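Student: Provided herewith is a single structure, encoded as structure tokens, for subsequent inquiry.
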Amino acid sequence: MRENRNGTRLFFTLCLMILLSFVVGCSSISGKSQAESETTSVAADEMLTVRVLDVGQGEAILIHTAASDTLIDTGDVDEQDKLRRELKAAGVKEISKLILTHPHADHIGGTPVIFSDYTVKEVYDNGEPTTTKLYRTYLKSIKEKGISYRNLKDGDVLELGDGARLEILSPTEAMVETSTNTKGKRNLNINSITARLVYGSFTMLLTGDAEKETELGILDRHDKSELRCDILKVGHHGSKTSSSAQWLNAVKPGVAVISCGKNNDYGHPHDITLKKLEKINAKVYRTDTDGTITIMSDGKTYKISIGRGVEQ
């Protein structure tokens, strides 16, 4: 009888150990960054979430912390319904900060939706004006609603809450002044707001439509060691005008994200850009093929989810 009891106790002990092992294993999420790679367990409300929204041939990026929702760019005029759906799906109730990298329509075209559907607390842009009706209406809406408004320049830092911040790398005041005083057609892309998103050891570069000239200027003004990133939002929808070899070799992203429209008229992303990204071994995600790209980080690790599932 004693042998039977001992056998029974051993059986139940083994079952309990297996059950506990299973429960502990299910509590972990994994990710990786250049600074650190580990397995951790973090509540969803403690995560930084960056969504590169699928808004066709344009760009809109939503940064969520427990404290705020920050929207960088708003897509094009003809994609306003997509923007509405994406923000609703993300559960956005209020926009703490609206940042417009430059005044091209495919980046400010959704501002009427933002101002009509949401309370916006603060608005930022690069300070470079244009004469389009869309841009004039944007400024009028800010004034009528009494929203706090200012320009962002190299050296500025925006705190997003919960330890997340945006470090502005471009443009400089001189760049904008030179551009606005130049006669003839201006290249509005060059003065796109370029920023480094920092959350713990996780970093992501956000570039708007910055081109090679912008990239080289940033490399001249900043220590390259401060420009390394886990994820690069590729400039100008993957155009050959951006993503210079010097830039990519300096920032060395493990992942590159491209916002562009399916079968767009510009041929974005260009093959030459994709080959450059392949050369530095960056894993590429694209909104035209993957839909909205979601990056979540606990400040040490990150994971990426796309329309087809979750990838690391």
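Student: Only one of K121, K97 is touching a residue at least 12 places away in the same chain (Cβ under 8 Å), surrounded by fewer than 16 Cβ atoms within 10 Å (Cβ to Cβ) and outside any loop (DSSP other than H, G, I, E, B). Can you tell me which?
Tutor: Going through K121, K97 in turn, just one is touching a residue at least 12 places away in the same chain (Cβ under 8 Å), surrounded by fewer than 16 Cβ atoms within 10 Å (Cβ to Cβ) and outside any loop (DSSP other than H, G, I, E, B): K121.
Student: Oh, and also: Collect the residues in region 185-217 that are farther than 24 Å from T132 by Cα and touching a helix residue (DSSP H, G or I) at 6+ places or on another chain (Cβ under 8 Å), keeping them in residue-number order.
Tutor: Hits for region 185-217 are R196, L205, K212, E215, L216, G217.
Student: Of all residues in region 67-90, which are within 21 Å of K121 (Cβ to Cβ), in contact with a helix residue (DSSP H, G or I) (Cβ under 8 Å, 6 or more places away or on another chain) and in a loop (DSSP other than H, G, I, E, B)?
Tutor: Hits for region 67-90 are D73, T74, G75.
Student: Let me ask you something else. Name every residue in region 203-232 that is closer than 22 Å to M175 by Cα, under 20 Å from the mean Cα position of the chain (by Cα) and of a type outside the set (S, T, Y), in order of residue number.
Tutor: Passing the criteria: L205, L206, G208, D209, A210, E211, K212, E215, I218, E226, L227.
Student: Could you check, for region 270-279, whether at least one of its residues is over 15 Å from the mean Cα position of the chain (by Cα), touching a residue at least 24 places away in the same chain (Cβ under 8 Å) and not in a helix (DSSP H, G or I)?
Tutor: Looking for residues that are over 15 Å from the mean Cα position of the chain (by Cα), touching a residue at least 24 places away in the same chain (Cβ under 8 Å) and not in a helix (DSSP H, G or I), one finds at least one in region 270-279, hence yes.
Student: Only residues that are on the phi < 0 side of the Ramachandran plot and either at pLDDT below 95 or assigned to a helix (DSSP H, G or I) (or both): list them for region 224-238, please.
Tutor: Answer for region 224-238, where residues must be on the phi < 0 side of the Ramachandran plot and either at pLDDT below 95 or assigned to a helix (DSSP H, G or I) (or both): K224, S225, E226, G235.
Student: If you don't mind, another one. Conditions: (1) over 18 Å from the mean Cα position of the chain (by Cα); (2) free of Cβ contacts under 8 Å to residues at least 60 places away in the same chain; (3) on the phi < 0 side of the Ramachandran plot. N263 meets all but one. Number of the miss?
Tutor: Answer for N263: the failing condition is (3).
Student: For residues that are at pLDDT below 95 and either in contact with a Leu (Cβ under 8 Å, 6 or more places away or on another chain) or not in a strand (DSSP E or B) (or both), tally how many sit in region 280-307.
Tutor: Residues meeting the conditions: 1.
Student: Name the residue, out of E226, E213, that is touching a strand residue (DSSP E or B) at 6+ places or on another chain (Cβ under 8 Å) and free of Cβ contacts under 8 Å to residues at least 40 places away in the same chain.
Tutor: None of the other options fit; the residue is E226.
Student: Consider region 124-148. How many of its residues are surrounded by 15 or more Cβ atoms within 10 Å (Cβ to Cβ) and assigned to a strand (DSSP E or B)?
Tutor: Final tally of qualifying residues: 2.
The values are calculated or read from the model by the stated rules, or taken from the named source; none is laboratory data. Here the structure is a predicted model, which is why all the values come from computation and not from measurement. In this analysis, Cβ positions are derived from the backbone assuming ideal geometry, glycine residues included, and neighbour counts consider all displayed protein chains.
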